[in-house]
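Novice: First the structure, which I've put down as structure tokens, then a few questions once you've had a look.
The values are calculated or read from the model by the stated rules, or taken from the named source; none is laboratory data. Note that the coordinates shown come from a computational prediction; the quantities given were computed from them, not determined experimentally. Here the Cβ positions follow ideal geometry from the backbone for every residue, glycine too, while neighbour counts run over all protein chains shown. In case anyone asks, the SASA skips ligands and DNA or RNA and just uses the protein heavy atoms, side chains included. Shrake-Rupley method; radii C 1.70, N 1.55, O 1.52, S 1.80 Å.
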Amino acid sequence: MRNSEPYVKLDEGLVSRKIFFDEQIYAEELERIFARCWLFLGHESQIPAPGDYMTAYMGEDPILICRGSDGVVRAFLNSCRHRGMKVCRADRGNARQFTCSFHGWTYTNTGELRGVPLGKEAYGDRLNKSSWGLLEVPKLAVYGGMIFGNWDAGAESLDQFLGDLRWYLDVMIERQLGGIEFVPGVQRYSLNANWKIASENFAGDTYHLAYSHGSMFKLDIRQINPANPSFRDKETEYFNIGLDNGHGMTGVVFGGERYRVDRLLAEEYGPEVVEYVEACQEQLLKALPKHQAGVYAPSFSNMFPNLSFNDFSALRPIGFYLWLPKGPGRIEAWNWCGIDRDAPQVIKDQARVDFSRIQSVSGIAAQDDTENFEQVTEATRGVIGQQLDFNYQMNVGQPLLDGPADCPGRFAPYISETNQLNFYQYWAELYDARRVTKNVNG
Ligand code: FES
Ligand code: FE
């Protein structure tokens, strides 16, 4: 019986289809994963001034993120302490206080309950307002301008949770001359799939690129992928890199190859862009050791559980893709376009176009992916389909690769499935340690 077997069998490279579609498992992972992990809430550049706010989700819980009048960023459950109405119904804005639209309780932008309609008349002295402020997310941390929250007050620090992922993301962050800023607004769309299908794709699925996105690569619309043969230095190896806590990097290349590509492409734009790319490289080399700076742009990645990135080049947008769970078979995708605040205008303009054209809701790559993710769901959710496993056996029993010296992580070939198993290993650890069999990555 399936119930007595582990859902994740790492040494066999098998993952039960049930974990993508079962209502009970979904409810449990909201508790055991989304209420315990560090989750992405947004970027500081979205709320620069006192009183600025934006709304987000942690798992299925709606969140209000405010830069208080005191300048401090806090996050709260966006739910009135009276009887649960959403306190803030806008996506973003600036406010000194929030008034609940149900009975009118009013909260400051630092979360205290300030006013209650008919206060004395209705409650006398029986309501202790200081106990009924908005519920604050107990752990909040900012890294490279990215704001993360964690509902688990006893959780490890964000730094510990990121672990060696930080070594790679530091490259992306340190390369920016003016720091990352988010282009205003967010693209949102819903798709009928499980959040893990999208997350694991960014964590390690290079295998699908040539086939699913084959038509994209045939179009003459810029060299849009690191695997593009015209850009591959045959001496240089691309790696997938599995990291602790389920994080995965995909298509990472060392030794400055991405810089060389950027330097070449920059010439098409003229001297200002050449100078910009050289300045990015110079800054990186000052900030980081040479072997780390040589990554230049860390390509695809997924920070467990549900935040994916792509960053191939200083000339292209940095994509932030959040796969919000909305049920076992439903995702709300939130996409942001990140750019260097000090990039030349021509690059900023190009980044917006690139972002919309490739990995946004109407983008050529995202449409391919969405079709896959939805059809996987459609073909798997039935009673019979759920009895089977997904196959991640490509590299089971194969040795890992030696990566470049002093570069962290477990190195696997560019086309491999070890990062997906690394993702599910951590998923299983959090979901139920007893279900884990063995770490295929050693
Ligand atoms: Fe907010 Fe009643 S639910 S004031
Ligand atoms: Fe894809």
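Novice: Going by the structure shown, is Pro413 without any contact (Cβ under 8 Å) to a residue 60 or more places away in the chain and either of a type in the set (Lys, Arg) or open to solvent by 30 Å² or more (accessible area, probe 1.4 Å) (or both)?
Specialist: Criteria not met by Pro413.
Novice: Of the residues Arg83, Arg92, only one is touching an Asp or Glu at 6+ places or on another chain (Cβ under 9 Å), more than 16 Å from ligand 2 (Cβ to nearest atom) and of a type in the set (Lys, Arg); which?
Specialist: Arg92
Novice: To continue, here is another question. State which residue pairs qualify: first residue within 19 Å of Val252 (Cβ to Cβ) and inside the stretch 393-404, second residue of a type outside the set (Phe, Trp, Tyr) and open to solvent by 40 Å² or more (accessible area, probe 1.4 Å) in any location, beta carbons under 6 Å apart, and separation of 6 or more residues or different chains.
Specialist: Matching pairs, first to second residue: Leu400/Arg410.
Novice: Answer with yes or no whether Arg81 is surrounded by 14 or more Cβ atoms within 10 Å (Cβ to Cβ) and either among the hydrophobic types (A, V, I, L, M, F, W, C) or touching a helix residue (DSSP H, G or I) at 6+ places or on another chain (Cβ under 8 Å) (or both).
Specialist: no
Novice: Which of the residues that make up the stretch 60-73 are surrounded by 14 or more Cβ atoms within 10 Å (Cβ to Cβ), of a type in the set (A, V, I, L, M) and in contact with a Ser or Thr (Cβ under 8 Å, 6 or more places away or on another chain)?
Specialist: Those that are surrounded by 14 or more Cβ atoms within 10 Å (Cβ to Cβ), of a type in the set (A, V, I, L, M) and in contact with a Ser or Thr (Cβ under 8 Å, 6 or more places away or on another chain): Ile63, Leu64, Ile65.
Novice: Follow-up question, since we're still on this one. Only residues in the stretch 237-264 that are open to solvent by 10 Å² or more (accessible area, probe 1.4 Å) count as the first member; pair them with residues that are assigned to a helix (DSSP H, G or I) and among the β-branched types (Val, Ile, Thr), Cβ under 7 angstrom, at least 6 apart or cross-chain, and list the lot.
Specialist: Pairs found: Arg263/Val277.
Novice: Here is a follow-up. Checking the conditions here, which among Ala343, Ala405 is touching a helix residue (DSSP H, G or I) at 6+ places or on another chain (Cβ under 9 Å), modelled with pLDDT of 95 or more and assigned to a loop (DSSP other than H, G, I, E, B)?
Specialist: One residue alone meets the criteria, Ala343.
Novice: Now, a different point. When the residues of the stretch 346-370 are narrowed to those that are touching a residue at least 12 places away in the same chain (Cβ under 8 Å) and outside any helix (DSSP H, G or I), which ends up farthest from ligand 1 (Cβ to nearest atom)?
Specialist: Applying the filter and picking the extreme gives Gln359.
Novice: Answer with yes or no whether Val137 is under 19 Å from Ala56 (Cα atoms) and hydrophobic (A, V, I, L, M, F, W, C).
Specialist: yes
Novice: State whether one or more residues within the stretch 87-104 are assigned to a strand (DSSP E or B), in contact with a Leu (Cβ under 8 Å, 6 or more places away or on another chain), within 24 Å of Leu307 (Cα to Cα) and open to solvent by less than 20 Å² (accessible area, probe 1.4 Å).
Specialist: no
Novice: OK, next. Those residues that are over 23 Å from Asp61 (Cα atoms), not in a loop (DSSP other than H, G, I, E, B) and not β-branched (Val, Ile, Thr), I need them from the stretch 292-337; list them, please.
Specialist: Gln292, Ala293, Ser299, Phe300, Ser301, Asn310, Asp311, Gly319, Cys337
Novice: For Met58, are the conditions met, namely being within 13 Å of ligand 1 (Cβ to nearest atom) and either within 31 Å of the chain's Cα centre (by Cα) or at pLDDT 95 or above (or both)?
Specialist: no
Novice: Restricting to the stretch 109-134, give me the number of residues that are in contact with a strand residue (DSSP E or B) (Cβ under 7 Å, 6 or more places away or on another chain) and away from ligand 1 (no atom under 15 Å from the Cβ).
Specialist: 2
Novice: Now for a different question. Looking only at residues in the stretch 154-171 that are farther than 16 Å from Ile241 by Cα and not polar (S, T, N, Q), which one is farthest from the chain's Cα centre (by Cα)?
Specialist: Gly154
Novice: Across the stretch 44-55, what is the total count of residues that are free of Cβ contacts under 8 Å to residues at least 40 places away in the same chain and buried (at least 19 other Cβ atoms within 10 Å of the Cβ)?
Specialist: Of the residues in that region, 2 qualify.
Novice: A follow-up question, please. Could you tell me which numbered condition Leu388 fails, if it satisfies all but one of (1) modelled with pLDDT of 90 or more; (2) touching a Gly at 6+ places or on another chain (Cβ under 6 Å)?
Specialist: (2) is the only condition that Leu388 fails.
Novice: Let me ask something additional. Identify the residue in the stretch 67-97 that is without any contact (Cβ under 8 Å) to a residue 60 or more places away in the chain and of a type in the set (A, V, I, L, M, F, W, C) and, among all such residues, is farthest from ligand 1 (Cβ to nearest atom).
Specialist: Val72
Novice: Further question on the same structure: Just wondering, is there one or more residues in the stretch 26-43 that are free of Cβ contacts under 8 Å to residues at least 12 places away in the same chain and open to solvent by 30 Å² or more (accessible area, probe 1.4 Å)?
Specialist: Checked against the condition, which is being free of Cβ contacts under 8 Å to residues at least 12 places away in the same chain and open to solvent by 30 Å² or more (accessible area, probe 1.4 Å), the stretch 26-43 yields at least one hit.
Novice: Test Glu181 against the stated conditions and say whether it is free of Cβ contacts under 8 Å to residues at least 40 places away in the same chain and acidic (Asp, Glu).
Specialist: Considered against the rule, which asks whether it is free of Cβ contacts under 8 Å to residues at least 40 places away in the same chain and acidic (Asp, Glu), Glu181 comes out as no.
Novice: Separate question: Checking Phe76 against (1) outside any loop (DSSP other than H, G, I, E, B); (2) among the aromatic types (Phe, Trp, Tyr); (3) open to solvent by 40 Å² or more (accessible area, probe 1.4 Å), which test does it fail?
Specialist: Every listed condition holds for Phe76 apart from (3).
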